[in-house]
1. Could you identify the single residue in 258, 253, 271 that is closer than 15 Å to residue 188 by Cα and either hydrophobic (A, V, I, L, M, F, W, C) or at pLDDT 85 or above (or both)?
2. Against the conditions (1) within 18 Å of residue 171 (Cβ to Cβ); (2) surrounded by 15 or more Cβ atoms within 10 Å (Cβ to Cβ); (3) more than 28 Å from the chain's Cα centre (by Cα), where does residue 66 fall short? Just the number, please.
3. Go through (1) outside the structural domain of residue 223 (by TED's automatic domain parsing); (2) in a helix (DSSP H, G or I) one by one and return the number of the condition residue 277 breaks.
4. Among the residues of the range 210-227, are any of a type in the set (Lys, Arg) and outside any helix (DSSP H, G or I)?
5. Could you grab me the full set of residues in the range 284-329 that are aromatic (Phe, Trp, Tyr) and surrounded by 12 or more Cβ atoms within 10 Å (Cβ to Cβ)?
6. I need the strands (runs of 3 or more DSSP E) fully contained in the range 73-167, keeping only those with at least 3 residues that are assigned by TED's automatic domain parsing to the domain that holds residue 227 and under 30 Å from residue 194 (Cβ atoms).
7. Identify all residues within the range 128-141 that are among the hydrophobic types (A, V, I, L, M, F, W, C) and more than 21 Å from residue 61 (Cβ to Cβ); write none if there are none.
8. Among the listed residues 300, 305, 251, 336, identify the single one that is in a helix (DSSP H, G or I) and under 30 Å from residue 134 (Cβ atoms).
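The values are calculated or read from the model by the stated rules, or taken from the named source; none is laboratory data. These numbers were taken from a predicted model, which means no experiment stands behind them. Neighbour counts are summed over all protein chains in view; Cβ atoms, including those assigned to glycine, are modelled from backbone coordinates with ideal geometry.
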Amino acid sequence: MSRFIVTNPKKVGSAPGTLVHIGSKFKERSEITLIQYDNETEEMLHTNNIDKCFSHFNAEKVKWLNIEGLQDISIIEKIGRQFKLHPLLLEDILNTGQRAKIDDYDNYVFIVLKVLTYNKDLKKIKSEQVSFVFIDNCIISFQERDIGVFDNIKNRIKVSNGNIRKLGADYLLYTLIDAIVDSYFVMLENFGNKIDSVEDQLINKPEKGILKSIHNLKREMLFLRNSIWPLREVVSILIRGDNCHFTENTIVYLRDVYDHIIQIIDTVEVYRDMLSGMLDTYLSSISNKTNDVMKVLTIISTIFIPITFLAGVYGMNFKYIPELELPYGYGLFWVIVVIITLLMIRYFKKKMWI
């Protein structure tokens with residue numbers, strides 16, 4: 001349950017806007033990257049000093065300020081003062097248990113997304129929060145740590161590949177969102193392979209631990225669905241055109257992202273149905289095995305009914321039972337038992353009960 005609700009006891013009872021980091025601690029110090037570019041030039045600055053980034057700001061260029069590590073609250077406070085960001089926005093940045101959402105302020109947009117990866121060793125879906133602030137000609141991104149999802153975008157900016165250096169900050173934000181959405185396809189492929197593996201095991205060689213595997217997959221699917229589902233509303237708001245932050249050209253690209261999200265949600269629903277079907281299949285197989293065992297026991301019991309009857313008759317404590325005096329009575333009894341058994345087995349096979 002802690003994966004669905006992330007809290008910090010220090011936060012309880014605090015005033016709204018109190019800055020307290022809630023989440024895992026990945027870095028001792030925050031790492032800051034400032035990328036500035038236009039159609040002709042590009043420059044990149046790596047530092048731990050946010051003031052140094054502010055002093056290098058070029059108002060004429062598109063700026064991407066990326067923060068990795070959220071433990072240093074002073075950096076978040078300085079960014080808030082520099083760009084005059086709302087205290088509740090800063091609070092949401094530090095609270096990594098947020099669901100995907102978008103808040104449209106007067107002169108800037110705040111977006112929270114989730115980067116999802118599937119850990120094959122732990123067999124769990126890992127979620128890390130990425131927050132964006134789009135203000136003026138600048139994109140500010142906040143990551144818990146660098147997980148490589150934006151590496152390709154940094155390289156595109158460096159080599160001026162595609163339209164990224166030709167268009168504005170709104171297009172940069174689109175590419176960042178698109179990179180996160182594209183990473184979902186990789187995660188879903190890995191998760192789908194695990195589902196296929198469990199399904200093959202269920203059909204070919206079911207074991208006692210298969211129910212636990214199905215239960216774990218259903219739990220991960222619930223976590224996955226809760227993480228992805230709100231993303232549709234986020235992008236839907238961006239493409240409605242009721243804000244002045246995105247150009248019509250960028251909105252066209254965002255519609256493509258929206259289509260990808262719908263495809264991802266459809267895939268999640270398919271996986272969800274598959275897991276429900278696998279659980280039903282497992283329960284049916286257990287029921288069938290129980291029925292097979294009961295059938296075998298019933299057949300054995302049925303075969304022994306006439307044998308038990310004969311044994312009971314000739315085992316009665318009467319003085320005169322004619323067959324008991326026969327010289328081959330004992331052997332004859334076993335011959336009758338074998339004949340009865342064979343006849344009953346033949347009858348059961350004829351009825352296709354065995």
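1. On the way: 258 fails: closer than 15 Å to residue 188 by Cα; 253 fails: closer than 15 Å to residue 188 by Cα.
After ruling out the rest, the residue left standing is 271.
2. With (1) within 18 Å of residue 171 (Cβ to Cβ); (2) surrounded by 15 or more Cβ atoms within 10 Å (Cβ to Cβ); (3) more than 28 Å from the chain's Cα centre (by Cα) applied to residue 66, the lone miss is (3).
3. Here residue 277 clears every test but (1).
4. Keep residues of the range 210-227 that are of a type in the set (Lys, Arg), which gives 212, 218-219, 225.
So of that shortlist, the ones also outside any helix (DSSP H, G or I) come out as none.
No, because not a single residue in the range 210-227 is of a type in the set (Lys, Arg) and outside any helix (DSSP H, G or I).
5. Within the range 284-329, the subset aromatic (Phe, Trp, Tyr) is 304, 309, 314, 318, 320, 328.
Passing the criteria: 304, 314.
6. Passing ranges, in order: 108-119, 124-135.
7. Of the range 128-141, the ones among the hydrophobic types (A, V, I, L, M, F, W, C) are 130, 132-135, 138-140.
Result: 130, single match.
8. Numbers: 300 fails: under 30 Å from residue 134 (Cβ atoms); 305 fails: under 30 Å from residue 134 (Cβ atoms); 336 fails: under 30 Å from residue 134 (Cβ atoms).
None of the others qualify; the one that does is 251.
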